[in-house]
Structures are given as C-alpha cells and as structure tokens.
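S.K.: Quick one: the structure is below, questions incoming.
What follows is calculated from the coordinates using simple rules that are stated; it is not laboratory data. Just so you know, these numbers come straight off a predicted model, no measurement behind them. Methodologically, a virtual Cβ is constructed for each residue, glycine included, from the backbone with ideal geometry; neighbour enumeration extends over all protein chains shown.
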Amino acid sequence: MAFVEVRNVSKSFPSAKGTRDVLSGIQFSVEEGEFVSIVGGMGAGKSTFMNILSGLLKSDSGTVSIGGEAVTGIHPRASVVFQNYSLLPWFSALENVRLAVGAAYPTWERKQQIDQATRFLETVGLGGALHKRPSQLSGGMRQRVAIARAFATEPEILLMDEPFSALDALTRATLQQELIDLCSKAGRAVTTIMITNNLDEALLLSDRIVPMTRPPRATLGTPIEVRLPRPRTASLLMHDPSAVRIRAEVVERLAEFVHTKKEKAAVVPIKSARVAEERAS
Amino acid sequence: MNDRLARIALPIVGILAVVALWAFMSTRVPDLPSPMKTWQESKLFIMEPLVKRGEMDQGIGLLAYQSLIRVAKGFLLGALIATPLGFLLGLSKAFNRMFDPVIQVLRPISPLAWLPLGLVVFQKSEPAALFTIALCSMWPTVINTMAGVKAIPQEYWNVAKVLRLTGFQTFTKVLLPATLPHMFTGYRLSLGIAWLVIVASEMLTGTPGIGGFLWQEYNSSIYAHILLCILTIGIVGFLLDRMMGFVEVRLRSI
C-alpha cells in the first residue's frame, strides 16, 4: 500500500441550481518520499482535493489514508502551504513560525522553539526579517515565511496548494530553487503533493505529474513519470534535448487527457511546446 | 499655510457663532443666562475644580470625576458581559438564532425605563445606576464583537486547524487578535452611551456627580450651572471618544 492512498473520492457542494459535483471518483496514490504534482486549469477542483487531503474538508464518499491511517482530521505530521500565504498578520515572521513549532512540539522549551523557527527562517534567507510583520514583507518573503513554517515542524508529508502562483516569475523561480534545497536538506525525502497550474514548475520539481480535469466532476488522469535527472534547473528544462522531449510528451499527454474530456484550454501549451522542440532541434 | 490657518480658524468661527446665537437667545428668553452670566456664576467651580464644599457643592473636576468613576464601573460591568456574549453569538449559529430576537428587543430600551427596574431590584441607587449603565451601554460591544468574529477570514481558521492549535491557542492566537479592532469599536461606542446614560441615572437617583449636580441646580433655580454642566458633559464625552478612538486606530493599523 502506498504512503498516500486516495480511493474513489467524490465531493459535491450545494449550489443555487441544486448540487454541484466538484470531484468525482478520484483515484490517487503517492509513494513515500515522492514529489507529485497535480496539474490542472482554473476552477475549484484542485483546492477542494487539497482540502480533502489535508483533512480540512470531508469527502462525500471514498477514502483517504496517509501512512496507512485513514484521514479523519489534520494529519499530525503534515504541513500545508497555502496559495495566499495565510500568515497571521498580528504576529512577526518569527512568531508565525514559532506558533507552528510550538503546536507541533508542545513539550519543547520556548527557547528551543524560537531557535528552530529562527533556523528555518534563516534557511529561506529571512534571518534579517525575523521580527517583521507580514504587512512589512513582500509577497515572495511572505511565502518564504509560509514555507519556513511548513518545514520547521519537520513534516513527513507536505501539501502545497499553488504555493507560487501569486508571485512574479523571477521570485517564483527563486522560491522553487529554495524549495528544492529545503527538500534535499531535510535529511530524508519529504513526501510532497503540490497543486499547480504551471507545467514548468511541475516538471522542475516532481517525480510524477497527475493531470486533473476541470469541475464539474473533475477527476485525475493517468500519472506521467518525469524521467529527468536531478538536480534540475530551469535552464536545463529549456535547453536539454531530452528535457524538451519529455516536456513535449507531458504536454501532449496532458492535452490528450484534457481533450478526451472535451476541453479546449490545452491548445496554447501544445503550441509553445512545439516551438520549444523546434528550437532545440 | 492657508490650509493650516483654516484648520485652526474655522472651528473657532463655528464656536463663536454658536456662542453668539446663545447670547442672542438669552436676550429673548428671560430665564436663559447669557454666556457672560454663565461664566461669572460658574467661575468658582471652574477655577477651583477639585474643591469640595458640600455634598453637591463641589468643583466641576471633582463632579466629573465622580461621574467618570461611575461610568467606568458600569461600562466595565457591561463589557464583562457583552464581550463573551458577542463571541458566543459570533461563533455559534444556534446561539445566535436563540438570542438575536431578545437582543433586538432589549437594545432600544431607554435608560429611563431600566432605572426604575434597577431601583426595584437592588433597592439602592448606586447599584441601580450601574445596572442601567451596563445594560444600556453593552449592545454596541455585543454587536461589534459578534460582527468581528463573523468577519474572520476562513484562511485564519484553516491556519489554526492545519497547525493543530488547541482550543485555547486558537482563541488567544487567532480569534482574539482578529476580533480586537472590532471589539474596540464596540467599546468606544459603548463608552459613549455609558456617558449619555450617567446623566439620566444621576438625575433620577440624586447621587453626587455631574448629572446629580445639574438636577439639583435646576431645582435651586441656578440656571447658569445647568449650562456649565451641559458644557462639561459635552467636553468630557468628546475627550473620552477621542481617547478610545486613538486606541482603536492603533489597533487597526496592526
């Protein structure tokens, strides 16, 4: 049995026109230490699925288990990174992280909690902004605090819901690299599930990519292995012929999957992938 | 330069206009003391604000102080009931449904209606006055605290859940800081009402304070002192509001 097992999960919400089936018959599994991205377009399906995985939301049917145990609430060894940072504005960066550390390790002394929080904030380059409030930090810095908060509790599983989508392209690239560093520094591989709408981000970070259709009745497609060597960089993905080929393959399989579901949105990525392929050859 | 001049000069012009109207009215209404007469008869109370000559015959500062203490007690009593009540109403839908109609009915009741009930229940004027102040002033705190709790974004609740905070931690680290600015808006409005109620309750119970003094001077036909009291009540109320407003702005900027 895989570390994360999702069997037949469906979810609908009441709406003005009766019920809206958001997720339908989701099958999904992640091995321990794996980094899996769920890629899909806009729409509520991905976040709903993430909320079910993290235990914030109950599914209508089906089961979710992490580490062999059924998910009934928030997993004690899970960390969640939200799209909108979700820092508490009345606390400094340090206090935001320490709150998480204190909740995960209530027996630690205050000093030890502060040291742990400081260490992880320094890792993401915020050693100089420990006592700043979120309102005094840029978007990239806020998400760094959120990532430090997620890693400071030394989670077994990391759930990220579009963690970089609110950031500009440059900040985004830096933070992706920092995430890779943090994952490799963690000592053991942290099982990570990331939701994203950015294919390059998924290629850069994941072992497998799982496509998701849009609601209503969103479901997951067959996973696509990303057979690229690590460490990966953004420029490798752009210029390395095998990387470009894999990218095109992923794009085509995504498009295929989405097209069978009668979606048109995949047209743009196909074009851009072909252009990249031509350039490389 | 012009702007700064206008900011100082225009309020002065406004005040002078009202004083002029007052002076004019006093020439028409036989018993209305003129501003000059009011000043002459009140000079002693203003120049020696903290002197006590008799039970009611005290400096205006001392009278205002006694009223302020009474207001503070009544306001605190009200806030002590109103704040937890506001949290419960904001957190529990069932509780809200149960008590919202009751609150909507109790809210518009005048202090003049509560005071006799207080006198019947407590038999003494002081607790009856506190009871009235507390009961009349608590509603803005109840309603604003409730609205503040309801306005907490879902993402903060999610953070509390995801970090697996205990109930107590969720209260002190998320719920309370998120609601604090709303609570203080409620406190500011409540304090304003408490100050309004003090005069009515002191007049009816005859206790020493700015309202009691006002009523006694009316009965002794010293009308200038009525105006002195009115002005004092207005200025003290204004200062109280400014003070709470200052705290409120500081809290909102977080």
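S.K.: Using a 10 Å cut-off on Cβ to Cβ distances, tally the other chain neighbours for every residue of A:92-102 and report the average as a whole number.
M.R.: Values: counts 0, 0, 0, 1, 3, 0, 0, 7, 5, 1, 4.
Mean partner shielding for this stretch: 2.
S.K.: Compute the normalised compactness of the range B:1-147: alpha-carbon radius of gyration over 2.2 N^0.38 Å, N being the residue count. Mind showing how you got there, number by number?
M.R.: On the way: Rg = 22.2 Å, N = 147, 2.2 N^0.38 = 14.7 Å.
Rg over 2.2 N^0.38 Å, computed on Cα atoms: 1.51.
S.K.: Using θ = phi - 60° and the Karplus relation 6.51 cos²θ - 1.76 cosθ + 1.60, list the HN-Hα couplings for the range A:47-54 in order, rounded to whole Hz, with x at every Gly or Pro.
M.R.: Each residue of the range A:47-54 in turn: 5, 4, 4, 4, 5, 6, 4, 7 Hz.
S.K.: Taking a virtual spin label 7 Å from the Cα of residue B:40 along the C-beta vector, which residues in the range B:211-244 bring their backbone nitrogen under 19 Å of it?
M.R.: B:221-229
S.K.: Could you rank the peptides B:126-139, B:85-98, A:6-19 by their average count of other C-beta atoms within 10 Å per residue, with the highest value first?
M.R.: Highest mean packing first, the order is B:126-139, B:85-98, A:6-19.
S.K.: Here is a follow-up. Springs between alpha-carbon atoms under 10 Å, Gaussian network over chain B: tell me which of B:42, B:201, B:221 tops the mean-square fluctuations.
M.R.: B:221
S.K.: Across peptide B:162-171, what mean number of C-beta atoms from other chains lies inside 10 Å of a residue's C-beta? Can you show the working numbers first?
M.R.: Working: counts 16, 14, 11, 4, 2, 0, 0, 4, 1, 0.
Partner Cβ neighbours, averaged per residue: 5.
S.K.: Which residues in the range B:59-77 place their backbone N less than 16 Å from a point set 7 Å from the Cα of residue B:196 along the Cα-to-Cβ direction?
M.R.: Taking a point 7 Å out along Cα→Cβ of residue B:196, the residues of the range B:59-77 whose backbone N falls under 16 Å are B:75.
S.K.: Moving to a separate point now. Per-residue mean of other chain beta-carbon atoms within 10 angstrom of the beta-carbon, peptide B:155-161? Display every interim value, and only then the final one.
M.R.: Details: counts 7, 4, 1, 8, 11, 3, 6.
Mean partner shielding for this stretch: 6.
S.K.: Compute the helix-to-body angle for B:176-205: its Cα long axis versus the longest principal axis of chain B, expressed 0 to 90° and rounded to tens.
M.R.: Here the helix axis deviates by roughly 30 degrees.
S.K.: For residue A:13 paired with residue B:113, estimate the spin-label separation in nm (one decimal), with each label point 7 Å from Cα along the Cα-to-Cβ line.
M.R.: Placing both labels 7 Å along Cα→Cβ, they lie 4.3 nm apart.
S.K.: Name the shape class, rounded, prolate or oblate, that the alpha-carbon gyration tensor gives for chain A, where a ≥ b ≥ c are the square roots of its eigenvalues, rounded holds for a/c under 1.5, and otherwise prolate holds if a/b is larger than b/c and oblate otherwise.
M.R.: oblate
S.K.: Hey, in the GNM for chain A with a 10 angstrom Cα cutoff, which one of A:233, A:219, A:191 fluctuates hardest?
M.R.: The residue that fluctuates most here is A:233.
S.K.: Taking just the alpha-carbon atoms of the protein assembly as shown, what radius of gyration and Dmax come out, in angstrom?
M.R.: Reported Rg and Dmax, both Å: 33.1, 106.
S.K.: Turning to a different aspect of this structure: List the pairs from B:93/B:161; A:132/A:185; B:52/B:124; B:43/B:124 whose alpha-carbon separation is above 22 Å, in the order I gave them. Can you show the working numbers first?
M.R.: Details: B:93/B:161 20 Å; A:132/A:185 26 Å; B:52/B:124 24 Å; B:43/B:124 34 Å.
Pairs exceeding 22 Å: A:132/A:185; B:52/B:124; B:43/B:124.
S.K.: Please report A:111, B:161 as a ranked list, fewest other C-beta atoms within 10 angstrom at the top and most at the bottom.
M.R.: A:111, B:161
S.K.: When you count, for each residue, the other Cβ atoms within 10 Å and take the mean per peptide, how do B:5-13, A:94-102, A:161-169 rank with the highest first? Please list the in-between numbers first.
M.R.: On the way: B:5-13: 9.6, A:94-102: 24.0, A:161-169: 18.0.
Highest mean packing first, the order is A:94-102, A:161-169, B:5-13.
S.K.: While we're here: For a quick check: sort A:172, A:144, A:208 by the number of other beta carbons within 10 angstrom, fewest at the front.
M.R.: The order, fewest Cβ neighbours first, is A:208, A:172, A:144.
S.K.: For A:22, B:142, which order do you get if you count the other beta carbons within 10 Å of each Cβ and list the fewest first?
M.R.: The most exposed by this proxy come first: A:22, B:142.
S.K.: Using alpha carbons only, how many degrees (0 to 90, rounded to 10) separate the axis of helix A:169-185 from the longest principal axis of chain A?
M.R.: On a 0 to 90 degree scale, this one is about 70.
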